[in-house]
Structures are given as structure tokens and as C-alpha cells.
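Chemist: Below is one structure. I have some questions about it.
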Amino acid sequence: MNLPICDYEDSQYQSQFWDQGERVYEDQVEAIALQRLLPPRGDLLLELGAGAGRNTPRYKNFKRIVLVDYSTSQLQQARASLGDSDRYIYAAANIYHLPFIPGLFDAATLIRVLHHMADAPYALRGIRQVLKPGGIFILEFANKQNLKAILRYIFRRQSWNPFSREPVEFARLNFDFHPAAVRSWLQRSGFNVQRQLTVSHFRIDFLKRRLPLKLLVTLDSLAQWSGDLCQLSPSVFVRTQAVGDTTKAAAGQFFRCPACGNSPLEASSASLDCSACGRQWLIQDGIHDFRVT
């Protein structure tokens, strides 16, 4: 299946959007949501759409972390920040074609990424496959049914209906999703929804310029707990658990060929090679390149 990819290669997303983009409020409230939803400990976590590693230090209770992003330049920034150690594995990969054997990970996160997925249900099914039974998956998605969109629709400032369940593509490969649709996709993919947190309630420039940051973060922290009752914020975090049977990961195996699914791969000095289809997956500057389009 060939699906379009939102590629951040050579972008300055971390510096321009987060470091200089006046997003301290959003960063802090997302950190609170993650802290509330993450398991207390774990062996192996898959961070999908890791980018430059903004959230990676927040997974401190996991022994090892695999950072996945489609952009090698983003992963290079992450590697420069986090360094090389046995704790981190860097992999450039297409989320629709994950290069890992089934049932490998204890937990996975997908933060600020689903809104770039043209086929979100397909991506969720692939994530479920690489999780162990009982594994925790934390998802963040852009909420179509947010309060601002509802008011704009009521006063005829926008044409699309925030209450309908189909995704809305407000810019190329930028989607907002209805919470009920996302829950349905998760359940059909083999996830049990455990908790929902609503996040970034006060993502309004007027408020961010005029109210103290600490006050906004405190108010948002309190409002997050309303997520199981209703979802009206622009961002929603969901903690889920993988249910049902999964093929148990074979001892000593880790990567599989994302093109044909074969495992194990044969290691050479600068690549991992697939004996089934002949593909070579290069390892350059500490990054495994498994990108399939």
C-alpha cells in the first residue's frame, strides 16, 4: 500500500515551532498528560514520530527507547541531543511499514503524528501488531470537535461540520479527527481505551499573551481530567492497552524487513540485509534507514 508521507526532512521544526515558536504552554501541558498516562516502568518503548527527541527524556522509566521518524535529519538532531548509547536506537521508517517483529514492544507513543496520517486506521493496526499483549499505547490526536471549531460552525465561519465523524483535511496531510471515530478505530485495531485526557484547552494567543504561564498550565492540568466525560479541547491524549493475541517475539530477534516481512535480517558492517527479497537497509551515522514509500 503506497500512502502519502508528510516528510520533515531538513525542516527546522524543533527550533522554529518549539524553541522559538512560543509553544512553552503546549509543551508543558503535554508533558503533564504524558506523565499521567505512562506506565511506571518498562523495558522497551517505541516512540513513533519522535522528531528531534522533544519527548524522549520524558520516558525515563523505560530501559530502552526506539526513536522512529521518517526524516533522517530529525533523527540526527535527536541523536545530537541524546547521544549514542545502548539505551537509544534510531530508525528512519514509514509508520505504515514498521520494521519490527510482532509482539516486540512493552509500550508505544504517537504524539502529534496521527494528524498527518491519510489512513489512520491502517497505521493503528500496524502499531498494534508490534506491541505485546497488554502493552500500553499512548496516542495524541488533533480533535475535530473542539470548542473553537464548534463555535465557528455555529456562526458560519467554517463549512465543515465538527460533529460528523469523517476526518477533515484542513491543509494537505493535516487532519482533524472526531474522538468517537478515533475510539472506534482503536477498538477495531485491538486496543482497549483506558483513559482520555483533554489537553491545550487554552491554546489561544490572546490568553497566552496576557495570562501567566503557570496559571494556564495549572488550569489546563485540572481540566485534563474531564477527558473521559467530553472532548472539546484541540488536543486529546488517549491511553490504551493492547488486547487479544499477538505473535510472541522470538528471542534475539528485533528487526524485520519492512518490504516483505521477513526476519531475521542479516547484519553486515553497514546494513541489515533481507535474504528473502534481497533488500539492503543501510545504517548510516547511527541511524537505521528502513524507509519504504
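Chemist: Determine whether region 11-18 contains at least one residue that is in a helix (DSSP H, G or I), modelled with pLDDT of 95 or more, over 30 Å from A259 (Cβ atoms) and not polar (S, T, N, Q). Spell out the reasoning first.
Modeler: Step one: of region 11-18, the residues in a helix (DSSP H, G or I) are 13-18.
Retained after the next criterion (residues that are modelled with pLDDT of 95 or more): none.
No, the conditions are met nowhere in region 11-18.
Chemist: Please count how many residues of region 203-229 are of a type outside the set (K, R), at pLDDT 95 or above and under 26 Å from the mean Cα position of the chain (by Cα).
Modeler: 15
Chemist: Quick check on my filter: what residues within region 1-38 are surrounded by 14 or more Cβ atoms within 10 Å (Cβ to Cβ) and aliphatic (A, V, I, L, M)?
Modeler: Within region 1-38, L3, I5, V24, V29, A31, I32, A33, L34, L37, L38 qualify.
Chemist: Right, here's the next one. Just to check your reading of the model, which residue among T246, T293 is of a type in the set (S, T, N, Q) and crowded, with 18+ Cβ neighbours inside 10 Å? So that I can check it myself, show each step before the final result.
Modeler: Details: T293 fails: crowded, with 18+ Cβ neighbours inside 10 Å.
Only one candidate passes the filter, namely T246.
Chemist: Among the residues of region 25-32, is any in contact with a Lys or Arg (Cβ under 9 Å, 6 or more places away or on another chain), in a strand (DSSP E or B) and within 28 Å of G135 (Cα to Cα)?
Modeler: no
Chemist: Can you pull out every residue in region 127-159 that is assigned to a loop (DSSP other than H, G, I, E, B) and either farther than 14 Å from L232 by Cα or without any contact (Cβ under 8 Å) to a residue 60 or more places away in the chain (or both)? Talk me through it step by step, then tell me what you get.
Modeler: Just the residues of region 127-159 that are assigned to a loop (DSSP other than H, G, I, E, B), to begin with: 130, 144-146, 155-159.
Answer for region 127-159, where residues must be assigned to a loop (DSSP other than H, G, I, E, B) and either farther than 14 Å from L232 by Cα or without any contact (Cβ under 8 Å) to a residue 60 or more places away in the chain (or both): V130, K144, F155, R156, R157, Q158, S159.
Chemist: Taking region 223-262 as the search range and keeping residues that are hydroxyl-bearing (S, T, Y) and in contact (Cβ under 8 Å) with a residue 60 or more places away in the chain, which one is farthest from Y153 (Cα to Cα)? Write out each step before concluding.
Modeler: Taking region 223-262 first, the residues hydroxyl-bearing (S, T, Y) are 226, 233, 235, 240, 246-247.
In the following step, the residues that additionally are in contact (Cβ under 8 Å) with a residue 60 or more places away in the chain were identified as 233, 235, 240, 246-247.
On the way: S233: 15, S235: 18, T240: 31, T246: 43, T247: 46 Å.
Filtering region 223-262 for residues that are hydroxyl-bearing (S, T, Y) and in contact (Cβ under 8 Å) with a residue 60 or more places away in the chain, the one farthest from Y153 (Cα to Cα) comes out as T247.
Chemist: Oh, and also: Could you look through region 160-174, keep only residues that are in a strand (DSSP E or B) and touching a residue at least 24 places away in the same chain (Cβ under 8 Å), and pick out the one that is surrounded by the fewest Cβ atoms within 10 Å (Cβ to Cβ)? Give the derivation first.
Modeler: Initially, region 160-174 is screened for residues in a strand (DSSP E or B), giving 168-171, 174.
Add one more test, that the residue is touching a residue at least 24 places away in the same chain (Cβ under 8 Å), and what stays is 168, 174.
Numbers: V168: 18, N174: 12.
Checking each candidate, the answer is N174.
The values are calculated or read from the model by the stated rules, or taken from the named source; none is laboratory data. Everything numeric here is computed off the predicted structure, so don't read it as measured data. Cβ: placed from backbone, ideal geometry, glycine included. Neighbour counts: every protein chain shown.
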